[in-house]
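Below: the structure, in C-alpha cells.
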Amino acid sequence: MTSGTLTPPRKERAAPDAPRPARRSRRKPFLAPYLFVAPFYVVFAAFGLYPLVFALQLSFTDWKGAGEANFIGLENYTYLLTSEEFWSSLGNSAVMWLLIVPLQIVGGLAAAVLLANAKLRLRGMFRVAFIAPFVTPLVAMAQVWIVAFDTDYGLVNHLFNSVGLPDVDWLQSTVWAKPTLALLFLWKTTGFAIIILLAGLQAVPGDVYEAAALDGASRKRQFWSLTLPLVRRSIAFLVVVQTLAVFQMFAEPFVVTQGGPYGSTTTGGLYLYNHILASDLGTGAANSFLLVLLVFALSLLSVRLLRSRDE
C-alpha cells in the first residue's frame, strides 16, 4: 500500500436477526371474572331471590303447606288490612319503637361521647361492659328477665318492697308489659348503638374541635354545632336498623310474654309467626310483605328527617 492512498472502510456483516420472542396475547380471559363471582350469585339466587319470589307468589294464594295452592288474588292483603289484630300488632310495635329508639339514641350518644374522651379512666373496661349484653344469648337473658320481674318472687318487686313501694305486675299487666320488654331490648342492643355512634365520633377530625376551641366555643356549643351534625349519618343508620329490629321483634315477646297479656305485646314479628304456626302460609307471606313496605317507608322518612340541608 502506497502512502497517500486511502483504504475504504470494511463493511461489517450484520449479525443475523435474533429470533423475536413470541408476543403474548393481550386478550384478557373473558369468563374468568364471572367464574370467580358465580358462587355468590348462585347462593343468592338459591337462598335469596328464589325465596323472595316464591313468598310473593304465595301471598296471592291460599296454601296450608300441603296440597295445591289456590290463587285468591288480593284476599290475603284485604284480610290483613281490615283485621283489628294486624293493626293492633303494628300499634304495639309502634309503642315499642317510641319506648326504645329515642331513648337509645340519646343514651347511646351520651355514652359514646364519654367513651370517646381520651382522659376517661378504664375506657376499655366500660367498652367491654357495654358490649357484653349484645353478645349474650337473648333466650338466656329472657329467662333472667322472667325471674327478675316476677310479681311474687322477683328481685325488682323485692327492691320495691324494701323502700315501701307496692308490687307491680310487670309481665301480667297490659300497662307494664311493653315497658318491661322495651327495657330488655334496650339492655340487649344499646351496646350496638354505642359502637355505631362511637365510630361516627371517632371519624370526626380533631382539628375541628381545636379550631372551635380557639374561636371560644364552649363544650356545649361544640356538641350542638359540631358533634351532632357530624354524626347525623350514624344516627340515621342506627334509626333505620333499630326500626327494622323493633318491627321484626319476635324472640323477646315469644319467650317472655307469649304476646300477652291480652295481646298487648304481640308485635308485628310475633303476629306473622302466629300465621305460620297456624299453617296459614299465604296470609303469613302477605303479612311479611306489608311489614317490609311499612318498615321501608318508615326508614325513608327517618333518613329524610335526619338528612342535613346540604345533602
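The values are calculated or read from the model by the stated rules, or taken from the named source; none is laboratory data. Please read all numbers here as calculations on a predicted model, not as lab measurements. Every residue, glycine as well, gets a Cβ built from its backbone with ideal geometry; the counts of neighbours run over all protein chains shown. SASA here: full protein model, heavy atoms, side chains in, ligands and nucleic acids out. Shrake-Rupley method; radii C 1.70, N 1.55, O 1.52, S 1.80 Å.
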Notebook entry, point to check: Rg/Rh for the stretch 112-182: what does it come to with C-alpha atoms and Rh from Kirkwood?
Noted result: 1.13
Item checked: Relative contact order (%) - the chain, alpha-carbon pairs under 8 angstrom, separation at least six -> 26
Notebook entry, point to check: Kirkwood hydrodynamic radius for the chain: how many Å is it when counted over pairs of different Cα atoms?
Noted result: 24.9
Check: For the peptides 62-69, 170-177, what is the packing order when you average, over each peptide's residues, the other Cβ atoms within 10 Å and list the highest mean first?
Finding: 170-177, 62-69
Notebook entry, point to check: At a 1.4 Å probe, what is the % contribution of carbon and sulfur to the accessible area of the stretch 89-244?
Noted result: 69
Next item on the list: Under 15 Å from the Cβ of G284, count the other residues' Cβ atoms, weight Lys and Arg +1, Asp and Glu -1, and hand me the total.
Entry: -3
Notebook entry, point to check: To the nearest 10 degrees, how steep is helix 268-277 against the longest Cα principal axis of the chain, on a 0 to 90 scale?
Noted result: 80
Next item on the list: Find the centroid of the Cα atoms in the stretch 166-225 and in the stretch 51-129, then give the distance between the two in whole Å.
Entry: 20
Margin query: Report the per residue volume, in Å³, of the convex hull enclosing the C-alpha atoms of the stretch 254-311.
Written below: 99
Margin query: Out of all Cα-Cα pairs in the stretch 64-223, roughly what percent, to the nearest whole number, are more than 25 Å apart?
Written below: 57
Next item on the list: Could you tell me whether the stretch 40-124 comes out rounded, prolate or oblate from its Cα gyration tensor? Rule is a ≥ b ≥ c as square roots of the eigenvalues, rounded for a/c under 1.5, then prolate if a/b exceeds b/c, otherwise oblate.
Entry: oblate
Check: For M125 and Q202, what is the calculated FRET efficiency with R₀ set at 25 Å and r taken between the beta-carbons, to the nearest 0.05?
Finding: 0.85
Margin query: How much accessible area per residue does the chain have, counting only protein heavy atoms and a probe of 1.4 Å, in square angstrom?
Written below: 68
Next item on the list: Lys and Arg at +1, Asp and Glu at -1: add these up for the other residues within a Cβ distance under 15 Å of F160 and post the number.
Entry: -4
Margin query: Using only DSSP helix segments of four residues or longer, with each worth -39500 (n - 2.57), what per-residue ellipticity at 222 nm results for the chain after dividing by its residue count and rounding to 500?
Written below: -19500 deg cm²/dmol
Item checked: Translational D in µm²/s for the stretch 135-250 (Stokes-Einstein at 25 °C, 0.890 mPa s, Kirkwood Rh from C-alpha pairs) -> 141
Margin query: Around T151, under 11 Å between beta carbons, what's the net of Lys plus Arg minus Asp minus Glu among the other residues?
Written below: -4
Next item on the list: Starting with the highest mean, order 235-248, 200-213, 105-118 by the number of other Cβ atoms within 10 Å, averaged over the residues of each peptide.
Entry: 235-248, 105-118, 200-213
Next item on the list: Using only alpha carbon pairs under 8 Å that are at least six residues apart, calculate the relative contact order of the stretch 38-97 and give it in whole percent.
Entry: 18
